[in-house]
Structure formats: structure tokens, C-alpha cells
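The values are calculated or read from the model by the stated rules, or taken from the named source; none is laboratory data. The shown structure was predicted, so the numbers you read here are calculated from the model rather than taken from an experiment. Note that we place each Cβ from the backbone using ideal geometry, even for glycine, and neighbour counts take in every protein chain shown.
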Amino acid sequence: MVTGVRGTVKFRTAWLGIAFGIVTCAAFTLAAQKKGAASSGGGILAQDKGKFTIKLDGQTVGHEEFEIAPSGGGWLAKGTTDLKPPEGGASKVTGSLTLQADGAPVSYDWTSQAEKTNGAHILFANGIAKITLQMQGARPCTAAEIADPHRTQPCFFEQDLSFNTPLIAVLDNNLYHQYAILAGIYDWSKRGVQTLPVIVPQELTPGSITVQSTGSASADGKTYEGLRVNTSDLEILLLLDNNHRLMRLEVPEAKVSVIRE
């Protein structure tokens, strides 16, 4: 079931129907962003490619392969996550995010494959995210269906979400590489607490998060640069290397660990 967005919705956890997963994709804006992060080829992002192991309560439940690379004067961040939780069926989610050199998004596409295939295409322009949501076997929604949060019949619709700036970023459900983009857009020269408006594309959920450098952090005998992300009800810790590449992500409350292989 897909629900429309009305007003301000709390940024919340997403469990893919199996009590697993966290809200890992959001769109965010930062009005006074400085280009203080480590970069590659200009801009604020860094080229990266790798694979993450996803663990729930110490048990491996999935893997994500991703790549962040320069593309056409901007950047392309894409990833695919395969999940097979202890309970529930296997699923796959993919995301492809095109960004300008300064980290502002141009377009985003996601698909989620489980029993059915769902997806959406989002275009960003002038601080507006235009979302076209598609469910397998869906037809255009009527006005009454869009207004009904309890409808069960699949349908698709378009929705616009407005922001105060074109610098909007994306962190989607179970696509953890997008937190590396968050680490790139965070103003490391300024540090401190930075508040960002966000949106979860798979849930059409806007809200806000705060991001703050925590200095040196350690895990499994290794030392990292820490970056703490707080939603309205969840704390996420990013562990980065000296080049601010995402090496590990921890969500203690949800017992989720995402570890670079």
C-alpha cells in the first residue's frame, strides 16, 4: 500500500514488513553548505566503489554493492541490495541517483522487487521533487484513492514535494551507500551540529535529521572518524576512514550493522 504525504511526517524506521531495515534514504537540503569535505575530481563527493555486508543482531541478512563515480560533469551514485532475512521472503532494492557537482540531485530512480515490483522516478528542479510512483499492475489513482490511506488496490500517482533550496540529497531504504553522500555534503570545515530537511523516497516521507562529527571512534580494533546522524526516533553512527569513505554503519537500537567488505 502506498500513502500520500500530507504536512510534516516524522522521519521514521522502515522494516520492509519483516522488522528489518532502517530509513536509509532521504533527501536533504543545506542552505549554507561549504565545500569542505574530501573530494575527487572537484566538488564535494569522492569516487568510491565497494560492497557492504548487512547484519541484523549479528546475523548476516544481506549485501549491498555500490558505486559513486563522476558522470557528465556531475556524479552518479548507484547501488543494489539483496536481503534474505531470517523470517520473510528475499527481496532486492536498487537505486540510481544523479547529482550535480555540488551534491544537488538531478534525478533518482528506485525499484523494489519482492512478491511484486514497485518503483518510482523522481526529478529535482528549483527545489521541487516531482515523484512518479509506480506499482506492479497499477493504474492511475483516482483522487479518492490517493486520499485513502487504507486502500489495497495498486495504483500510481504523481506528487510534488517542495524544499527551500535545490541542494536536496537522497538516502533510501536499505541503500546504505547513500550515507557516504551525506558524509560528503556534511560541512567538515564547520563541523558541529548541522540540521538537514530530508525525504524517504520509498515512503514519500519528509522530515529532518541532524548530523554531527563525533571525532575519533573505534570498532573491532580499528579507529575511524565518527559522524552521528539523528532522526526523530533513531540514532545512526557512521564510521569513516581518513578520506571520509563510509566503512561501517551502526544502528544500536535496531541491532543493525553495515560493514564494508
- Message: For segment 232-250, check the following and say yes or no: at least one residue is modelled with pLDDT under 85, over 22 Å from Gly127 (Cα atoms) and in contact with a strand residue (DSSP E or B) (Cβ under 8 Å, 6 or more places away or on another chain).
- Response: yes
- Query: Which one is nearest to Lys49 (Cα to Cα), of the residues in segment 167-200 that are out of contact with any strand residue (DSSP E or B) (no Cβ under 7 Å at 6 or more places or on another chain) and of a type in the set (Val, Ile, Thr)?
  - Reply: Ile185
- Scanning for something within 14 Å of the chain's Cα centre (by Cα) and modelled with pLDDT of 95 or more, does segment 55-64 turn up at least one residue? yes
- Note on the structure: With the first residue restricted to segment 232-251 and required to be within 18 Å of Phe66 (Cβ to Cβ), and the second required to be in a strand (DSSP E or B) and of a type in the set (Asp, Glu), Cβ contacts under 7 Å at 6 or more apart or on different chains are Leu240/Glu225; His244/Glu225; Arg245/Asp48
- Taking segment 230-253 as the region of interest, how many residues are basic (Lys, Arg) and in a strand (DSSP E or B)? 1
- Query: Which of (1) surrounded by 13 or more Cβ atoms within 10 Å (Cβ to Cβ); (2) part of a strand (DSSP E or B) is the odd one out, the single condition Gly215 does not satisfy?
  - Reply: (1)
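Residues are listed down the side, and each one gets a yes or a no for (1) at pLDDT 85 or above; (2) of a type outside the set (A, V, I, L, M):
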site	(1), (2)
Thr165	no, yes
Ile168	no, no
Asn173	yes, yes
Tyr176	yes, yes
Ala180	yes, no
Trp188	yes, yes
Val198	no, no
Gln202	no, yes
